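Below is one structure, written out as structure tokens; comments come after it.
The values are calculated or read from the model by the stated rules, or taken from the named source; none is laboratory data. Given the structure is predicted, the values throughout are model-derived calculations rather than measurements. No Cβ is skipped: glycine too gets one built from the backbone with ideal geometry, and neighbour counts run over all protein chains shown. Remember, those area values only see protein heavy atoms, side chains included, never the ligands or the DNA or RNA. Shrake-Rupley method; radii C 1.70, N 1.55, O 1.52, S 1.80 Å.
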Amino acid sequence: MKTLIIAEHDNHILKSATYHTLTAAKTLGHPIDVLVIGGGCQKVAEQVCLLPDVQTVFLADHEVYQHQLAENCAALIAEVGKQYDYILAPATTFGKNLLPRVAALLDTAMVSDVIKIISGDTFVRPIYAGNVLETEQLQEKIKILTIRTTAFAPTKATQQARAKLEVLPQAIPNHLSRFESQQLTESKRPELTSARIVISGGRGLKSAENFKLIEEVADCLGAAVGASRAAVDAGFAPNDYQVGQTGKIVAPDLYIAVGISGAIQHLAGMKDSKVIVAINKDPDAPIFEIADYALVGDLFTILPTLKTELEKVES
């Protein structure tokens, strides 16, 4: 039996989600291969070769995969994946876009957002915004899983390449979709899904201008910045800041929720954080039910004061 992991990357750097997915794959106890798809992604394949317990790294490096569009990438994964018993990818936007298509092409079922692997055919995943844990058993020959990265620790890379690198000649054209453009938010802050500290703002900040208060405190803490869906929909923060059921799932050492009431969809994306601090003027806000530390008060007074005190510590 063999396991295939689909690597998530940006053609330059292997994303942290893949390191977490590898840990999940190792619990299955079978030989592991990794498929890297992209354009100009040779360096990514070399990074994957440094991961322990990976036997072979398959590299599909061609201009038709430059933007990793799901239509032809899914076709390639389905072709390569026929010889595997398990196909895994992180439960990120990347994995959620790809693997359902792969499952359809292979005419098999899949399990999404796996947080625990009980055995080779039995898996646990959250449903109803994380309020219920469901145990599923797959009888399919090829088992397709997306892995919730916050449920598994990342695997550490080694200093010396151990895996064998094999280049795939397949170049499947994409006649169904085409790449138009993308807008990337550049930041010196840590990546949201891998940051040790996250501070998120909600609708209570009232404007995009006020959202800078969150960013200033984040810079003092070396933290990533998140936002509730309400804040994103109101235009206070960009879409890639969104934390929650329809956004990014995070589980940092410290999560600070500011002006966030605590809708169930937001809680689903951050309630596994080790320490949760909530700042809200409403003492009955649902966020306080899961918070380790609750601070009831005006965030427009609290945040500047917090920033001042943090600057004193830095100096």
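For segment 106-126, which residues satisfy the criterion of being assigned to a strand (DSSP E or B) and either within 17 Å of the chain's Cα centre (by Cα) or among the aliphatic types (A, V, I, L, M) (or both)?
110, 111, 112, 113, 114, 116, 117, 124, 125, 126
Is there any pair with a first residue in segment 153-175 that is within 18 Å of residue 46 (Cα to Cα) and a second that is assigned to a loop (DSSP other than H, G, I, E, B) whose Cβ atoms are under 6 Å apart and which are 6 or more apart or on different chains, and what are they?
Pairs found: 157/50; 157/51; 158/50; 158/52; 161/49; 161/50; 163/49; 165/49.
With the structure loaded, tell me whether residue 97 is of a type in the set (S, T, N, Q) and either open to solvent by less than 10 Å² (accessible area, probe 1.4 Å) or closer than 25 Å to residue 156 by Cα (or both) or whether it fails that test.
In short, no.
Name the single residue that is farthest from the chain's Cα centre (by Cα) among those in segment 292-302 being of a type in the set (A, V, I, L, M) and closer than 22 Å to residue 274 by Cα.
296
Quickly run through segment 78-100 and pick out the residues that are in a helix (DSSP H, G or I) and either within 20 Å of residue 134 (Cβ to Cβ) or in contact (Cβ under 8 Å) with a residue 60 or more places away in the chain (or both).
Those that are in a helix (DSSP H, G or I) and either within 20 Å of residue 134 (Cβ to Cβ) or in contact (Cβ under 8 Å) with a residue 60 or more places away in the chain (or both): 79, 80, 81, 94, 95, 96, 98, 99, 100.
When segment 132-156 is examined, which residues are found to be open to solvent by 50 Å² or more (accessible area, probe 1.4 Å), part of a loop (DSSP other than H, G, I, E, B) and hydrophobic (A, V, I, L, M, F, W, C)?
Residue satisfying the conditions is 153 alone.
In the set 75, 129, 103, which member is part of a loop (DSSP other than H, G, I, E, B), of a type in the set (A, V, I, L, M, F, W, C) and over 15 Å from residue 5 (Cβ atoms)?
The conditions single out 129.
Can you pull out every residue in segment 165-201 that is out of contact with any Cys (no Cβ under 8 Å at 6 or more places or on another chain), open to solvent by 60 Å² or more (accessible area, probe 1.4 Å) and in a strand (DSSP E or B)?
166, 167
Can you pull out every residue in segment 166-193 that is at pLDDT below 85 and among the hydroxyl-bearing types (Ser, Thr, Tyr)?
Within segment 166-193, 185, 187 qualify.
So which residues in segment 242-258 are open to solvent by 10 Å² or more (accessible area, probe 1.4 Å) and in a loop (DSSP other than H, G, I, E, B), if there are any at all?
Across segment 242-258, the qualifying residues are 245, 246, 247, 249, 251, 253.
Out of (1) modelled with pLDDT of 95 or more; (2) open to solvent by less than 70 Å² (accessible area, probe 1.4 Å); (3) in a loop (DSSP other than H, G, I, E, B), what's the single condition that is false for residue 217?
(3)
Quickly run through segment 27-44 and pick out the residues that are in a helix (DSSP H, G or I) and either closer than 26 Å to residue 117 by Cα or open to solvent by 10 Å² or more (accessible area, probe 1.4 Å) (or both).
Residues satisfying the conditions are 27, 28, 42, 43.
Quick check on residue 60: is it open to solvent by less than 10 Å² (accessible area, probe 1.4 Å), part of a strand (DSSP E or B) and either under 26 Å from residue 244 (Cβ atoms) or free of Cβ contacts under 8 Å to residues at least 24 places away in the same chain (or both)?
Spelling it out, it is not the case that residue 60 is open to solvent by less than 10 Å² (accessible area, probe 1.4 Å), part of a strand (DSSP E or B) and either under 26 Å from residue 244 (Cβ atoms) or free of Cβ contacts under 8 Å to residues at least 24 places away in the same chain (or both).
Take residue 17 and tell me if it is surrounded by 19 or more Cβ atoms within 10 Å (Cβ to Cβ), aliphatic (A, V, I, L, M) and either under 18 Å from the mean Cα position of the chain (by Cα) or in a helix (DSSP H, G or I) (or both).
yes
Quick one: which of 278, 231, 294 is in a strand (DSSP E or B) and closer than 21 Å to residue 129 by Cβ?
One residue alone meets the criteria, 278.
Restricted to segment 276-315, and to residues that are of a type in the set (Val, Ile, Thr) and open to solvent by less than 50 Å² (accessible area, probe 1.4 Å), which residue is nearest to residue 252 (Cα to Cα)?
In this case the residue turns out to be 276.
Only residues in segment 238-260 that are in contact (Cβ under 8 Å) with a residue 40 or more places away in the chain count as the first member; pair them with residues that are crowded, with 18+ Cβ neighbours inside 10 Å and acidic (Asp, Glu), Cβ under 7 angstrom, at least 6 apart or cross-chain, and list the lot.
251/272
Every residue in segment 46-63 that is of a type outside the set (S, T, N, Q) and over 15 Å from residue 32 (Cβ atoms), please.
46, 59, 60, 61, 62, 63
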